[in-house]
Each structure stands twice: as C-alpha cells, then as structure tokens.
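Visitor: Questions regarding the structure given below will be posed in turn.
The values are calculated or read from the model by the stated rules, or taken from the named source; none is laboratory data. Computed from a prediction, not measured in an experiment: that's the story for all the values here. As a convention, Cβ positions derive from the backbone with ideal geometry for all residues, glycine included, and neighbour counts pool all protein chains shown. Areas reflect the complete protein model, heavy atoms only, side chains present, ligands, DNA and RNA absent. Shrake-Rupley method; radii C 1.70, N 1.55, O 1.52, S 1.80 Å.
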Amino acid sequence: MAIAYISHRDCLLHDTADGHPECARRITVIEDRFIATGLSDLLRHFDAPSVADNQLLRVHTQGHLDALASLAPGTGYVRVDPDTIICADSLTAARRAAGAVIAGVDLVISGEMEAAFCGVRPPGHHAESNRAMGFCLYNNIAVGAAHALAAHDLRRVAIIDFDVHHGNGTEEIFKDDDRVLFCSTYEHPFFPFTTALKNSANRVNVTLDASAKSEEFRAAVTDHWLPALQNFQPEMVFVSAGFDAHRDDDMSNVSLTDADFQWVSEQIVAVAADSAAGRIVSVLEGGYELNSLARCVETHVRVLMGVH
Ligand SMILES: [Zn+2]
C-alpha cells in the first residue's frame, strides 16, 4: 500500500527546554529507525504545510489563537501550564503539525495515498477549543477530522485514541457532533484528570487501571471499540497514535508491549477496510521512551502498509 509519511523540519524547532520529555528527539529517533530498517524507502515523504487560520477555527476559538500568539516569546520560554512550554518557534511547529493532518486527509481522500502517518510535534489531543494543555497547543487530529467533514463532505469519521492519556480536547471539541465517533482507552485516574463525558452513540471511553496490561487493553478494544465502530461505519479513520502506555515508558503505569501496539494497529486497519475503503490518517501523540517509541511507530506504520 502507498503510505504517506508527513512531517516538517519546523517540528524540531519547538524547544521545550532541557529535560522535557516532549522533545525533538522523539521525531528524529523515529525517522532514524525508518532509515535503519529500510522502511523509509517504502514511504512517500511529504513536507507538511502550515495550517491556515480558517482550518484551525473549525475547532478552536479566535480567542485561543490570539492567546497563544500573544504568549509566544521572542526569546526563551513561556509556560502555558506547568507542563506546556512554548518558545519563539513553537507556533511555527504547531502549525506544521496541524497542517500535516490536513495534508494527510487531502492525500488519502484524493486517492493519491492509501493511508498517512503524521510524524509531528507538538502533539494535540489535550488541546481544547479554547485551551492549550498537556504539551498540546492545537488539536491536530481534530483539525484533520473537521477538514474531512467540512472540505470533503464526509458524513461519518472515527477518531481512535490509544494514547495512555484521555484525549480530553478531542472529546470536548466533538462532544455534540454526531458525525464523529470518538473511541478512547486511557489510564484512570490519571492526567488530565478531567471528568470524561458519559459514553454515548458517538463516544466510547474505556478506562484502564494503573495495573492494566495487554489482556485488559485488548478486552477494551474488542468488547467496546470494535462493536461501536462496526455499528458506526466510519468513512474515514483517524488515529491518535500515542505510545506512552508501553511498559518501558515511565510516563504511565499501564504496561503494554510492542505486540499490543501491533495488534491494535491491525484491528484499526480491519475497521478501515470494512467501511472506509482503507482510509486511515494516523497522527503521533505521546510516547516518551525513545527506544520503544521508535520500534512501535515503525511497527504501526508497517501494519498500515501491510508489510509487517
Ligand atoms: Zn499521552
């Protein structure tokens, strides 16, 4: 399958200060692994465009855009919240991150590419319509899903979020939109400590205990996500691909393995094949232990490609 890898050098310019887990090396270790394993030669590489204001404003308020623009420093760092740091180039990076998902949607819906993986930062799924938080400035995946609905007239899209943290921003943005099915697993109680909304026809939150391993995660997917997705019949599948539930990742307590990320990727490919003509746009969210991150992203992309 022809798979797009979409990123931009500007994503490396988002400097979160020494020691911050959400660092530029997250992208370079992924790309180095793609090269070392030969996967890079099998991908079509695209530079992400900068997202336009009107594309951000489908999911964010003008006040949010203005607030971030006014906070961005000329030099040094500014804290948006205790975890979220921006520098002079952060919004440049963030606009490429959101723009990558727009490009992925356009490439996949046009049929030029069968699926896309956006290797971008800062991540996005904690960003709400009017609030940056948890390393996230703009909600990249929400920007892409809204683009598929508004610019390409899709009627139903699914967002599948296997990051170990709840995608509170994605949930908030689409909470009243029946065209979007949001499926999430996340450790609870845990950051972002928001109270998830009750499950509904277009919302499937499944919490995982801190002790959760493969068995609990796979049961959540099999028993909750897959029936909802089967019923919803999405025309396109978006993935908030976070790898911080890995047992080697200190960011969480949940202990998934490489095999679990391969397995869930296979389930997602099957869902997309069933109702969405295989159309998948997957977007990097978390994942902070660099070795497991690089391995699991490689596996995830190979599964999208059908060459694992
Ligand atoms: Zn996370």
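Visitor: Between beta-carbons, use under 12 Å as the cut-off and find the net charge around VAL206, counting Lys and Arg +1, Asp and Glu -1.
Guide: Summing Lys and Arg as +1 and Asp and Glu as -1 gives -3.
Visitor: For the range 1-77, would you read off the P(r) tail past 16 Å as a percentage of all alpha carbon pairs?
Guide: In whole percent, the long-distance tail amounts to 67.
Visitor: Okay, moving on. Could you work out the per residue convex hull volume over the alpha carbons of the chain, in cubic angstrom?
Guide: So the per-residue Cα hull volume is 111 Å³.
Visitor: While we're here: Quick one: putting +1 on the C-beta of Lys and Arg, -1 on the C-beta of Asp and Glu, what dipole do you get for the range 191-259 around its Cα centre, in Debye to the nearest 20?
Guide: 320 debye
Visitor: Taking 0.36 nm per residue of sequence separation and subtracting the Cα-Cα distance, how much length would be gained by fully extending the chain between ASN54 and ASP32, in nm to one decimal?
Guide: Taking ASN54 through ASP32 to full extension adds about 4.5 nm, to one decimal.
Visitor: Identify the GluC sites (Glu not before Pro) of the range 39-147 meeting these criteria: DSSP loop state and at most 14 other C-beta atoms within 10 Å of the C-beta.
Guide: Sparse-neighbourhood loop GluC sites (Glu not before Pro): GLU112.
Visitor: Below 8 Å between Cα atoms, with a sequence gap of 6+, how large is the relative contact order for the chain in percent?
Guide: Value for the chain: 20 percent.
Visitor: Suppose the chain between ALA259 and ARG79 were pulled fully straight at 0.36 nm per residue; how much longer would it get relative to their current alpha carbon spacing?
Guide: 61.2 nm
Visitor: Moving on. Calculate the dipole size of the chain relative to its Cα centre from +1 charges on Lys and Arg beta carbons and -1 charges on Asp and Glu beta carbons; express the result in debye to the nearest 20.
Guide: 440 debye
Visitor: Another question about this same structure. What FRET efficiency, computed as 1/(1 + (r/R0)^6) with R0 = 30 Å and r the Cβ-Cβ distance, is obtained for ASN199 and HIS152, rounded to the nearest 0.05?
Guide: In this case the efficiency is close to 0.60.
Visitor: What whole-number value in Å² describes the accessible area per residue of the range 136-193 for a 1.4 Å probe?
Guide: Value returned for the range 136-193: 29 Å² of accessible area per residue.
Visitor: Report, for the chain, the % of DSSP beta bridges that are antiparallel, rounded to 5.
Guide: DSSP beta bridges in the chain are roughly 15 percent antiparallel.
Visitor: Just read off the accessible area of TYR138 with the full protein assembly in place, 1.4 Å probe, to the nearest 10 Å².
Guide: The accessible area of TYR138 comes to roughly 10 Å².
Visitor: I'd like the per residue volume of the convex hull spanned by the Cα atoms of the range 51-157, given in cubic angstrom.
Guide: Dividing the Cα hull volume of the range 51-157 by its residue count gives 93 Å³.
Visitor: Show that you can apply the helix-only estimate: for the chain, add -39,500 (n - 2.57) for every DSSP H stretch of four or more residues, divide by all residues, and state [θ] at 222 nm to the nearest 500.
Guide: It lands at -11500 deg cm²/dmol.
Visitor: Provide Rg and Dmax in Å for the range 129-223, with only Cα atoms included in the calculation.
Guide: According to the Cα coordinates of the range 129-223, Rg and Dmax are 13.6, 42 Å.
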